[in-house]
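The values are calculated or read from the model by the stated rules, or taken from the named source; none is laboratory data. Just so we're clear, the structure is a prediction, and the values are computed from it rather than from any experiment. As a convention, Cβ positions derive from the backbone with ideal geometry for all residues, glycine included, and neighbour counts pool all protein chains shown. Side chains included, ligands, DNA and RNA excluded: accessible areas come from the protein's heavy atoms. Shrake-Rupley method; radii C 1.70, N 1.55, O 1.52, S 1.80 Å.
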Amino acid sequence: GNFKFSIRIEDRTGLYADSDFYSGSTIPYSFTNQYNPNPEGEIIKVSTKEDLLNIKNNLNGKYELVNDIDLENMDFENLGNFAGVLDGKGHTIYNFTSSLANDASFGLFLEITASGVVKNLALEGKVNDAGPWAGAIAVRNRGVISNCYINLDISASGNVGGIVCENFATIEYCLVLSKVNGDYMDGGIAVGQYGTVKDTYFLVDNISNGQAIGNNG
């Protein structure tokens, strides 16, 4: 709308009269809503299997689990390249299974990108025939994986990592109790380790073909 702005001057000495000053012209001005109640973006609550699968339609979103999620009777592959934040809030995604073709890459995500974060999450289940590249959280990590508990047994035709197959960034404060068995190489944490691993542990007896256990090649 059009508005005329004004200034009112009040004299508290009693020597001068109060006066008003109005701008000489009417100024057109369009008001827009500058208030953002959540400047960091909306947090999307994940409570069902369908909610979890829907992450692949918005891989930049911010998500929180509000309860455990059961994936029973579902062949799971991966949700794609994740650039958002997934906070498990201590909850578990369980009953991971897969009987997909051997050319499929298995992980909760295919890749955690540089802006991606997965934290405070537990994964449980058993996956056979996971393909040439497999890792519980992701095939590749270029972001941050923090405070995760993994008890997800994986067998594959190629390389298997207990958390990821290749780590290029940060893995911290995680525990892996999974059995991993790749026809080529296994890693209790990662097969290819080129980033940072901090305070993260696995059971060496659960590694079948441990030519590479969290080393860098």
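Within straight-line reach of Lys62, meaning a Cα separation under 28 Å, sit the following lysines at least 8 residues removed in sequence or on another chain: Lys45, Lys49, Lys89, Lys119, Lys126, Lys198.
Would you work out the charge dipole size for segment 129-192 about its Cα centre, treating the Cβ of every Lys and Arg as +1 and the Cβ of every Asp and Glu as -1, and quote it to the nearest 20 debye?
Numbers: 3 positive and 6 negative charges, 34 e Å.
Once rounded to the nearest 20, the dipole reads 160 debye.
Please give the FRET efficiency for Glu172 paired with Glu64, using the beta carbon to beta carbon distance and R0 = 25 Å, rounded to the nearest 0.05.
Details: r = 20 Å, r/R0 = 0.79.
Once the sixth-power term is evaluated, E becomes 0.80.
Placing dummy labels 7 Å off each Cα toward the beta-carbon, the span from Lys56 to Asn73 is 1.9 nm.
Multiply the residue separation of Leu203 and Glu42 by 0.36 nm, subtract the distance between their alpha-carbon atoms, and state the gained length in nm to one decimal. Don't jump to the answer; show the numbers that get you there.
Values: separation 161, 0.36 × 161 = 57.96 nm, distance 3.81 nm.
Full-extension gain reported as 54.1 nm.
In the complete set of protein chains, residue-level accessible area for Ser208 is approximately 70 Å², probe 1.4 angstrom. Residues Ser157, Ser105 ordered from highest to lowest accessible area at a 1.4 Å probe: Ser157, Ser105.
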